[in-house]
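The values are calculated or read from the model by the stated rules, or taken from the named source; none is laboratory data. From a predicted model like this one, the values you see are computed outputs, not experimental measurements. Glycine also receives a Cβ, built like all others from the backbone with ideal geometry; neighbour counts cover every protein chain displayed. These area figures cover heavy atoms from the full protein model, side chains too; ligands, DNA and RNA do not enter into them. Shrake-Rupley method; radii C 1.70, N 1.55, O 1.52, S 1.80 Å.
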Amino acid sequence: MTSRRNFSRRTFLLGGAAASLAAGMRLPLLGEKHKLPKLKGPQFADVTGPRSLRAHAQAVGLLVGCAVVPERLTGEPAYGSVVAEQANILVAENAMKWQALRPAPDKFDFRSADELVDFAAAHGQKVRGHNLCWHESLPSWFAGTVTKDNAQGFLIQHIQTVAGHFAGKLHSWDVVNEAIDLKDGRADGLRKTPWLEMIGPDYIELAFHAAREADPTALLTYNDYGIENDSPDSRAKRGQVLMLIRRLKARGVPIDAVGIQSHLTVGDPMPGAGLLEFVREMARMGLQVFITELDANEHKVEGLVADRDAAVAKLYHDYVAMLVAEPNVTAVLTWGITDRYTWLNGEKYARPDGKPQRCLPFDSDYQPAPAFFALRDAIDKRRP
Ligand code: G3I
């Protein structure tokens, strides 16, 4: 299944320019700020240029990429180089959320998000927007300022301003994020978010209409987690997401895609028939599917690094190979590129032994992990 080769005698160059050329892409002229050092190292010759994820993905008509922190792209050469080399699509891990863009009710700060978009343009990469409407990462002023009376106005104005700012530059927007939560006990499965409580269930379609108006070219996406496997909880949530999408389609809401976040956990039931059926149902409804936030939480895996890596790699391979065989699955993004910065090292999922998680294609020293080769092998399974 997954191959990991011995590259100890080889050297490699990390550089977006090399990758793009090798991948046969039109290369934009790089300004000083976006020129990346060609890092030499005794690492893995087999992961760059034509052997990069982006080259393999391009060969089969797939987008592959990761969530990034804009300041690191230009501030940390190894990070910028790996991202430029491996990804043909980027998404901001945090920089396009309300909390990042809205320092005050009447102020927008696009500096960090613009940095990401500029970097992507310089390296021939697409960008996903994440996200326009969510119940988390709201600015501290939100609770005292946004009320039942003005919530709709705030939401629409935010979307007009933010989607308008990036109009024509983004591949897609996560318009509404994580709107379903069965624990809240509603018949329609909707999560009791501030948006739901202040505007009512219509907030979802309002957001999609506003996004379409502000940026007619971005693919408008509904994005959610916990819908991947066939456990009772996951099946039930997936069912409610499906009902939501059906309701939106029936009402003529402009929605183009569904994002399956794919925060997977090693040891959980393997996603299978139920998810495939969901993806095919999306295809019948004319919707694309993006894997938007893939990682493999290995906090419960004991043993040697090699065992942990093998378990993570198998999950990457089997999951991605299953999904990219479906023609309407068009993008695969991991939630980060290097273990160095994964959110999974936070309190909630930290490993009991205190060791850092090994959940992404590159480890914390930017060494390609078995998950890298597993992901690349899985991409190769797609029929162009
Ligand atoms: O930037 C501020 C900083 O100014 C402040 O001083 C500091 C103090 O807490 O917080 C910093 O913000 C943090 C931000 O990450 C940037 O580091 C937030 O507290 C922290 O909550 C935030 O966490 C992010 C989380 O979403 C909430 O927005 C994670 O990095 C990010 O990986 C995670 O991503 C989510 C997706 O958006 C949606 N799907 C699930 C996924 C994982 O939870």
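Antiparallel DSSP bridges in the chain: what percent, to the nearest 5?
15
Heavy-atom accessible area per residue, the chain, 1.4 Å probe: how many Å²?
Averaged over the residues of the chain, the accessible area is 40 Å².
Please list, by residue number, everything in the range 322-343 whose backbone N is under 15 Å from a paramagnetic label point 7 Å out along Cα→Cβ of ARG383.
Flagged as within label range: 322-329.
Please identify every one of the trypsin sites (Lys or Arg not before Pro) in the range 265-340 that sits in a loop by DSSP and has no more than 15 other beta carbons within 10 Å of its own beta carbon.
For trypsin sites (Lys or Arg not before Pro) across the range 265-340 that sit outside H, G, I, E and B with at most 15 neighbouring Cβ atoms in 10 Å, the list reads LYS300.
Compute, for the chain, the length of the dipole vector about the Cα centre, with Cβ point charges of +1 (Lys, Arg) and -1 (Asp, Glu) only. Units Debye, rounded to 20.
940
Can you spot the aspartates and glutamates whose alpha carbon is less than 15 Å from LYS249's alpha carbon? Ignore those fewer than 8 places along the same chain.
Of all the aspartates and glutamates, those that pass the test against LYS249 - Cα under 15 Å, at least 8 places apart if same chain - are ASP202, GLU205, GLU281.
Pairs of alpha-carbon atoms within less than 8 angstrom and 6+ residues apart define the contacts here; what relative contact order does the chain have, in percent?
So the answer I get is 16 percent.
Under 23 Å Cα-Cα from LYS35, which lysines qualify once same-chain neighbours fewer than 8 residues away are excluded?
LYS126, LYS169
Just to make sure I understand: if all protein chains stay in place, what is the order of ASP224, ASP307 by accessible area at 1.4 Å, largest first?
These residues rank, largest area first, as ASP307, ASP224.
With a point put 7 Å past each Cα toward its Cβ, work out how far ASP268 is from ALA121 in nm, to one decimal.
If labels sit at ASP268 and ALA121, their model points lie 3.7 nm apart.
Tell me, which longest segment in the chain has none of the GluC sites (Glu not before Pro) that fall in DSSP loops with at most 13 further Cβ atoms within 10 Å?
137-301
Along the charge dipole of the range 54-201, Cβ charges K/R +1 and D/E -1, which of GLN125, ALA92, ALA187 sits furthest on the positive end?
ALA187
Which value in nm describes the separation of the simple spin-label points at ARG235 and THR145, placed 7 Å from the Cα toward the beta carbon?
Calculated label separation equals 4.5 nm.
Show HIS135, HIS34 ordered by accessible area, largest first, where the area counts protein heavy atoms only and the probe is 1.4 Å.
HIS135, HIS34
Restrict the search to the range 85-148; then list the trypsin sites (Lys or Arg not before Pro) that DSSP places in a loop and that have at most 11 other Cβ atoms within 10 Å of their Cβ.
Within the range 85-148, the qualifying trypsin sites (Lys or Arg not before Pro) (loop, at most 11 other Cβ atoms within 10 Å) are LYS148.
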